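Structure first, commentary second.
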Amino acid sequence: MLRNRGFTKSAQTSFLISRRSLSSYKSDEYQFLHKSAIPTYHFQKSLRRLPIPKLEDSARRYLNAAKAVVSDAEFKETESAVKQLLGKSGQELQKELLAYDAQNKHTSYISEPWFDMYLKSRLPCPVNYNPFMMFAPEKDASYNDQLSRATNFAISCARFKKSLDAEILAPEVFHLNPKKSDTDFFRTVCRLLPSNLSWFGAIAFKAFPLDMSQYPSLFGGNRIPARNKDILHNCKNPKHFMVMSKGNIYAVDLFDEQGNILPPENVHASLAKILKSSTAPETDSCVGSLTTLERDTWADIRNELISNSKNHASFRSIDDALFVLCLDDLKTEDHARLVQSLLCGDDGHNRCYY
């Protein structure tokens, strides 16, 4: 049975996360990261689409890449197969691809097969598909303890999410010369241009807007294990995040009923209570470990688990969460040991790979 606990009404502790001169938790300064002069998706309509290369160019590039990783005998077989492809069958496939691209101008021709490649793979998620990164320590050492970092991380995610939803998050733009283009003048010019022309205005400054179509899936989104092909799930208005501690799973509210981000003291108190109350169950009884399995196996086990109504509700809470926060008790200066934990979570009992 999944353990699903909420701690949104925990008593406040004496610890206070830095308010950074915020006058009110309901103020825009606290609720949002910033208010961009350029709307978040202002450049989307005018972004250039990925062109389809000529079949001959694709074949040449494929052979160049294959030559570096296969034996001479295997390369000859590959060359022969490519020559056959360049015949009638390859030309027909190229026509189909061009027709598909013309009918789907809202996206890239590679997007659907790219998603299929990941969702149809039956390999376990750890190592194969889940990378990791590590944040630098806070400059102020007093904020580097686990509870402070976890609380500030959760609040920052909420502020990012609200800014994104309100479309006041600054668009992603690659500036070749930031001193000349990352300026108020650049932002004013681009804001005044119609969306279908804004990309051209940015290019004039040698600044390149990037695709942001995946941003809505940053929070409240995950892949549900299913036979043959996983299913993408996205909750449009999640209000809580999940916490894993010693293999147990908890739910913690991050927004109130009006959609305002809760005060950091509330989140801190919830996390503190989780750490204090968590007791480690038997490792082989932790649901997190199951998420590390081959995808069809995990799909079958999940379906069996959700046949229980309480488990079904618990999984729904996990599926709809903003994100999952894993609280570990590992303390080490061994970089290899740290990387192992970050990459695959050891035996996975305190992870939720989904």
Tell me the net charge near Ser148. Cut-off is 11 Å between Cβ atoms, Ser148 excluded, with +1 for each Lys or Arg and -1 for each Asp or Glu.
-2
Eligible lysines near Lys45 by straight Cα distance, threshold 19 Å, same-chain separation 8 or greater:
Lys105, Lys206
When the dipole is taken about the Cα centre of the range 56-117, and only Lys, Arg (+1) and Asp, Glu (-1) are charged at their Cβ, what size is it in debye, to the nearest 20?
180 debye
Sorted by chain and then number, the residues having a modelled amide H within less than 5 Å of the amide H of Leu325, at least 5 places away or on another chain, are Met242, Val243, Met244
Quick one: length gained pulling Glu112 to Gln91 fully straight, 0.36 nm per residue minus the C-alpha distance?
5.5 nm
Whole-Å semi-axes of the range 56-117's equivalent ellipsoid, largest first, each the root of 5 times a Cα gyration tensor eigenvalue?
27, 15, 8
In debye, nearest 20: dipole of the chain around its Cα centre with unit charges on the Cβ of K, R (+) and D, E (-)?
900 debye
Could you list which residues have their amide H under 5 Å from that of Gly221, counting only those 5 or more apart in sequence or on another chain, with H placed in the peptide plane?
Cys235
Take the residue pairs Lys54/Lys120; Lys35/Lys161; Lys273/Lys331 and return only those whose Cα atoms are more than 22 Å apart.
Lys54/Lys120
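Starting from 0.36 nm per residue, how many nanometres of slack lie between Val127 and Thr332 once their C-alpha separation is accounted for? Show your work: numbers first, answer last.
Numbers: separation 205, 0.36 × 205 = 73.80 nm, distance 2.11 nm.
That pair, Val127 and Thr332, stretches by 71.7 nm at full extension.
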If I stretch the segment between Leu119 and Ala37 completely, what's the gain in nm (0.36 nm per residue apart, minus their alpha carbon distance), one decimal?
25.8 nm
Running a GNM on the chain with Cα contacts under 10 Å, which residue among Gly87, Gly259, Gly220 ends up with the highest mean-square fluctuation?
Gly87
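For the chain, which span is the longest to avoid every loop-located (per DSSP) member of GluC sites (Glu not before Pro) having at most 14 other Cβ atoms inside 10 Å?
Working: sites that count: Glu138, Glu167, Glu172, Glu257, Glu282, Glu294, Glu333.
In the chain, the maximal stretch lacking such sites is 1-137.
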Rank Thr297, Thr151, Thr107 by mean-square fluctuation in a GNM of the chain with C-alpha springs under 10 angstrom and give only the top-ranked residue.
Thr107
Among Ser89, Leu176, Ala102, pick out the residue whose Cα is farthest towards the positive end of the charge dipole of the range 75-196, where Lys and Arg carry +1 and Asp and Glu carry -1 on C-beta, about the Cα centre.
Leu176
Of (1) 1.00; (2) 1.19; (3) 1.10, which one was derived for Cα Rg over 2.2 N^0.38 Å from the structure shown?
(2)
Above-threshold pairs, the threshold being 24 Å between Cα atoms, out of Lys26/Lys162; Lys26/Lys310; Lys26/Lys139:
Lys26/Lys310; Lys26/Lys139
Counting only residues 5 or more places away or on other chains, whose amide H sits under 5 Å from the amide H of Ile249 once H atoms are built in the peptide plane?
Arg3
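Only the coordinates and a few stated rules stand behind these numbers; no lab work does. Please read these numbers as outputs of a predicted model, since none were measured by experiment. Every residue, glycine among them, receives a Cβ derived from its backbone with ideal geometry; neighbour counts consider all protein chains shown.
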